[in-house]
Amino acid sequence: MSSRRSRSRQSGSSRITDDQINDLVSKLQAILPEIRERTDDKVSASKVLQETCNYIRNLHREVDDLSERLSELLATTEASSAQAAIIRSLLM
């Protein structure tokens, strides 16, 4: 057994196991649209993590874009209207 693995087993439950990592990577793979739509079943853990990062970045961009669009819409809406109140609640 490698010294790294023996040290990780000795340190107790604070370390994550290879099985736990594999389980988490499988869960990510199941929810990522880019990977889920592929027909090949075997995707490396590094590819899954890379796609996860890309997906999160894209979600952040979408949120920023939608917030900007809502702000622009709010600027053209009468401040005391019900529509403005709804937009303000979405921006918070």
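The values are calculated or read from the model by the stated rules, or taken from the named source; none is laboratory data. These numbers come from a predicted model, not from an experiment. All Cβ positions, glycine included, derive from the backbone under ideal geometry; neighbour counts span all protein chains shown. In case anyone asks, the SASA skips ligands and DNA or RNA and just uses the protein heavy atoms, side chains included. Shrake-Rupley method; radii C 1.70, N 1.55, O 1.52, S 1.80 Å.
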In the stretch 29-74, which residues are charged (D, E, K, R) and open to solvent by less than 70 Å² (accessible area, probe 1.4 Å)? Lys47, Glu51
Would you confirm whether or not the stretch 40-47 contains a residue that is in contact with a helix residue (DSSP H, G or I) (Cβ under 7 Å, 6 or more places away or on another chain), modelled with pLDDT of 90 or more and among the hydroxyl-bearing types (Ser, Thr, Tyr)? no
Test: Lys47 is under 30 Å from Leu24 (Cβ atoms) and assigned to a loop (DSSP other than H, G, I, E, B): no
Hey, any hits in the stretch 75-86 for a residue that's at pLDDT 85 or above, open to solvent by less than 90 Å² (accessible area, probe 1.4 Å), assigned to a helix (DSSP H, G or I) and of a type outside the set (Gly, Ala, Ser)? no
Every residue from the stretch 46-80 that is touching an Asp or Glu at 6+ places or on another chain (Cβ under 9 Å) and not hydroxyl-bearing (Ser, Thr, Tyr): Glu51, Asn54
Residue in the stretch 1-28 that is surrounded by the fewest Cβ atoms within 10 Å (Cβ to Cβ), counting only those that are modelled with pLDDT of 75 or more and assigned to a loop (DSSP other than H, G, I, E, B): Ser14
Within the set of pairs 6 or more residues apart or between chains, which connect a residue that is free of Cβ contacts under 8 Å to residues at least 12 places away in the same chain and basic (Lys, Arg) inside the stretch 73-92 to a residue that is surrounded by 13 or more Cβ atoms within 10 Å (Cβ to Cβ) and not in a helix (DSSP H, G or I) with Cβ atoms less than 7 Å apart? none
